[in-house]
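These notes are about the structure you will find just below.
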Amino acid sequence: MSHSLEHECLDKGLTAKGEERRRRILNAAKEVFLEQGFENASVSDIMKRAGGSMTTLYRCFGNKLGLFEAMMQQSCDDLFASFDEHKVWSDDPATTLYLFGQRFIEMISTPQAIAMHRLVLSNNSNESEQIKTLFYTAGPDRVRKLLTEYLKRQKSEGRLNIACCTIAAAQFVEMIKQPWHFEALLGLEYDPELPNKSLAQGVEIFLKGAAR
């Protein structure tokens with residue numbers, strides 16, 4: 001599978017120059033996929049933009065789907081790093097949920113994030129189901145798992161009263177996405193203050209329901 005092929009490339013130990021070349025390929029892939037969609041994007045166009053040989057691409061990523069997977073994983077890794085960089089996690093649920101929500105809203109509201117979401121939903125290629133699974137695993141599912149683990153810790157330490165932390169995490173995420181994110185995906189205008197208002201009200205409602 002593509003994932004193992006990518007790791008085979010990484011396990012060989014990339015030099016700084018090799019890692020730079022790999023990053024350049026992934027950046028070019030992201031640009032081309034967002035511009036042309038998965039179906040219309042060609043690996044030759046990606047390599048023309050990135051520079052380098054097709055041999056390198058196939059050795060490290062296997063095929064176009066493997067390249068898409070690596071691009072998606074790298075993009076999400078970069079975004080998720082902000083959760084640690086901004087010191088989101090603490091034993092104060094109100095502060096943590098608000099900071100978590102801010103980072104999450106920043107992640108999903110950028111033009112590139114909106115474009116990637118649209119790309120995944122509109123894809124009709126033979127790899128459609130795999131692409132949706134890759135997107136879900138690297139993004140939405142990862143967000144919910146992060147929050148679920150935090151809620152479990154707070155529950156075990158007696159700060160929150162939650163029956164099912166997995167469901168609660170999903171509910172919080174969906175609550176702060178509405179009512180603006182669907183409009184963003186459709187390209188409709190919405191009040192730019194809605195994300196912050198949804199977050200503030202979402203934290204308040206969530207904590208009232210989960211209070212000890």
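The values are calculated or read from the model by the stated rules, or taken from the named source; none is laboratory data. All values reported here derive from a predicted model rather than from experimental measurement. Note that we place each Cβ from the backbone using ideal geometry, even for glycine, and neighbour counts take in every protein chain shown.
Can you tell me which residue among GLN171, GLN201 is over 20 Å from the mean Cα position of the chain (by Cα) and modelled with pLDDT of 95 or more?
Only one candidate passes the filter, namely GLN201.
Of the numbered conditions (1) assigned by TED's automatic domain parsing to the domain that holds GLN201; (2) closer than 30 Å to VAL203 by Cβ; (3) assigned to a helix (DSSP H, G or I), GLN130 satisfies every one except a single condition; which is it?
Unmet condition: (2).
Quick one: in the stretch 26-47, which of the residues that are assigned to a helix (DSSP H, G or I) and among the small types (Gly, Ala, Ser) is nearest to ASN126 (Cα to Cα)?
Going through the qualifying residues, I end up with GLY37.
Residues ARG142, ARG118: which one is surrounded by 13 or more Cβ atoms within 10 Å (Cβ to Cβ), among the basic types (Lys, Arg) and under 30 Å from GLY209 (Cα atoms)?
ARG142
So which of TYR190, TYR136 is under 16 Å from the mean Cα position of the chain (by Cα) and aromatic (Phe, Trp, Tyr)?
Just one listed residue meets the conditions, TYR136.
Kindly check whether there is at least one residue in the stretch 87-103 that is within 11 Å of the chain's Cα centre (by Cα), surrounded by fewer than 16 Cβ atoms within 10 Å (Cβ to Cβ) and at pLDDT below 95.
No, that holds for no residue.
For GLN73, indicate whether it is closer than 25 Å to ARG144 by Cα, of a type in the set (S, T, N, Q), modelled with pLDDT of 90 or more and not assigned by TED's automatic domain parsing to the domain that holds LEU160.
Spelling it out, GLN73 is indeed closer than 25 Å to ARG144 by Cα, of a type in the set (S, T, N, Q), modelled with pLDDT of 90 or more and not assigned by TED's automatic domain parsing to the domain that holds LEU160.
Assigned by TED's automatic domain parsing to the domain that holds LYS145 and farther than 18 Å from PRO140 by Cα: which single residue out of LYS177, LYS197 fits that description?
Selected residue: LYS197, the only one of LYS177, LYS197 that is assigned by TED's automatic domain parsing to the domain that holds LYS145 and farther than 18 Å from PRO140 by Cα.
For the list (1) without any contact (Cβ under 8 Å) to a residue 12 or more places away in the chain; (2) closer than 24 Å to SER82 by Cβ, I need the number of the one condition that GLY187 fails.
With respect to (1) without any contact (Cβ under 8 Å) to a residue 12 or more places away in the chain; (2) closer than 24 Å to SER82 by Cβ, GLY187 is out only on (2).
A quick yes/no check of all residues on (1) closer than 26 Å to LEU119 by Cβ; (2) crowded, with 20+ Cβ neighbours inside 10 Å:
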position	(1), (2)
ARG159	no, no
CYS165	no, yes
ALA168	no, yes
GLU174	yes, no
GLU183	yes, no
PRO192	yes, no
PRO195	yes, yes
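Can GLY62 be described as surrounded by 15 or more Cβ atoms within 10 Å (Cβ to Cβ), in contact with a Leu (Cβ under 9 Å, 6 or more places away or on another chain), among the small types (Gly, Ala, Ser) and outside the structural domain of GLY187 (by TED's automatic domain parsing)?
It is true that GLY62 is surrounded by 15 or more Cβ atoms within 10 Å (Cβ to Cβ), in contact with a Leu (Cβ under 9 Å, 6 or more places away or on another chain), among the small types (Gly, Ala, Ser) and outside the structural domain of GLY187 (by TED's automatic domain parsing).
What are the residues in the stretch 48-72 that are assigned to a loop (DSSP other than H, G, I, E, B) and under 19 Å from ILE131 (Cα atoms), if any?
GLY62, ASN63
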